Amino acid sequence: EFEASEVDRGVWRYAAALPFEMGVSLPEGDTPLHEVPRLESEIGVSRLRIKHEGMNPTGSFKDRGMTVGVRVAKELGVDRLACASTGNTSAALAAYGGRGGMETLVLLPAGKVAAGKVAQAALHGARILEVDGNFDACLDIVQDLAERGEAYLLNSLNPFRLEGQKTIGFEILEQFRDEEGRFPDRIVLPVGNAGNTAALYKCFRELVQSGALDEADVPKLTGVQAEGAAPMVEAIENDADEVRRWDEVETRATAIRIGNPVNAPKALPGIRNTGGTAVAVSDEEITGAQRALAAEGVGVEPASAASVAGLRKLRDEGVVDDDEAVVCLTTGHLLKDPDAAAAAGNDPESVPNDTDAVLAHLAGER
Ligand code: F0G
């Protein structure tokens, strides 16, 4: 049923660290680690790489968790899978659930999910429920449904999702290492529910515990949130043990428009124990970073660009040193949010149906 040939690729190459030999796979993982020399010198760090998770099958890092989570659901024999989502999880659940032959149900905050993601969930066959409330309200409902036995929960509260997402860490360490054997000093990533932060921390902890990685080589986990949805940043800045739920959240980066990061108990120690930090960025800073990445050919959605915007800010503030080697995680593809891309990019120009007129237009003012 699961083809052995795929085990050598992507996420399942790391089966030794996962609960199964193979999952419901499309396949996922093996994403590129891009050089971005212009951004590297502009921001001013010794090495900057972009781990582009938008290059997964459904265009986000969620696929790495879903290949494991849906396999678990198959083992359990459940027939209905469900998630709350700001979009990407719903796209991944719909695709992987469909591949696994299961029914999928997704709860989305009405009007706050980017077009590409809704289109994916729709075409991959999910039942889409648009809730009059934000993501956190959707997650409350899905947890209720799961507790009542109506559906199997595949949000990042499901620990098997995080198992798959650990493989981002393995890939970064393998791809980043140079001849001198240097690991990244820091990994910067966008934070919503803080599942990915928790997954990376678990990855590095397991490597240290097994003796494969020195404690001193664990990258500093550095989380970035949008200013309008920054409860984790608030907790880090206040040195708080718990994260206060924000009832009102807003940001152009709809993927991380989240006020109640449910994985905070796992992610806060990850940020603190690795010597990392958390920072909030404005929507304007996010769009600026999205443009800068795109100018070097790397197309990402707004939430993903938050990682680069956060690095830029921490470098400006002197929190990040100029001799640091840094990996920024870009979690979703540009095409996930075509409206944001169009708004941030160049406007199309109308020209007459005539070559000379086109040349005259090009010679004129823009
Ligand atoms: N980046 C993107 C593009 C995301 O879609 C998400 C989360 C995150 C970052 C934050 O990751 O929650 O692990 O801290 N998206 C979820 C969803 C909430 O429903 O697609 P996190």
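What follows draws every value from the coordinates through simple rules; no lab data is involved. Please read all numbers here as calculations on a predicted model, not as lab measurements. Every residue, glycine among them, receives a Cβ derived from its backbone with ideal geometry; neighbour counts consider all protein chains shown.
Mind listing the long-range amide H neighbours of K220? Cut-off is under 5 Å, sequence gap 5 or more, other chains count too, H placed in the peptide plane at 1.01 Å from N.
R186, I187
Starting from the stretch 158-228, pick out the GluC sites (Glu not before Pro) whose DSSP state is loop and whose Cβ has at most 15 other Cβ atoms within 10 Å.
Numbers: sites: E163, E171, E174, E179, E180, E206, E215, E227; in loops: E179, E180.
Qualifying residues, ordered by number: E179, E180.
Considering only G125, G169, G133, give the residue with the highest GNM mean-square fluctuation for the chain, with springs between Cα atoms whenever their separation is below 10 Å.
Greatest mean-square fluctuation among the candidates belongs to G133.
I'm checking a number: the convex hull volume of the Cα atoms of the stretch 233-366, normalised per residue, in Å³. What is it? Before the final figure, lay out the partial values.
Details: hull volume 20.9 nm³, N = 134.
Cα-based convex hull of the stretch 233-366, divided per residue, equals 156 Å³.
Would you list which lysines come within 22 Å of K51, measuring only between C-alpha atoms, while excluding same-chain residues fewer than 8 positions from it?
Within the straight-line limit of under 22 Å, K51 reaches these lysines: K62, K117, K166, K202, K220, K313, K336.
Name the residue, out of V249, V191, V351, whose mean-square fluctuation peaks in a Gaussian network model built on the chain with Cα pairs under 10 Å.
V351
What length, rounded to one decimal in nm, is gained on full extension from V208 through to D316, with 0.36 nm per residue of separation minus their alpha-carbon distance?
On the way: separation 108, 0.36 × 108 = 38.88 nm, distance 3.15 nm.
Result: 35.7 nm gained on full extension.
Take the Cα coordinates of the chain, assign each an equal point scatterer, and use the Debye formula without solvent to give log10 I(q)/I(0) at q = 0.09, 0.12, 0.13 Å⁻¹.
-0.48, -0.84, -0.98
Which FRET efficiency value, to the nearest 0.05, do you get for S46 and A357 by plugging their Cβ-Cβ distance into 1/(1 + (r/R0)^6) with R0 = 45 Å? Provide the component values of the computation, followed by the final result.
On the way: r = 50 Å, r/R0 = 1.10.
Given R0 = 45 Å and the Cβ-Cβ separation, E is 0.35.
How much of the calculated P(r) for the stretch 9-101 lies past 15 Å, in percent of all Cα pairs?
Values: 2704 of 4278 pairs.
Across the stretch 9-101, Cα pairs with separations above 15 Å total 63 percent.
Grab the eigenvalues of the alpha-carbon gyration tensor for the stretch 62-158, scale each by 5, take roots, and send me the semi-axes largest first in whole angstrom.
Ellipsoid semi-axes (Å, largest first): 19, 15, 11.
Cα gyration tensor of the stretch 290-366, axes a ≥ b ≥ c as square roots of the eigenvalues: rounded (a/c below 1.5), prolate (a/b > b/c) or oblate? Before the final figure, lay out each step's value.
Numbers: a/c = 3.75, a/b = 2.29, b/c = 1.64.
Note, shape of the stretch 290-366 comes out prolate.
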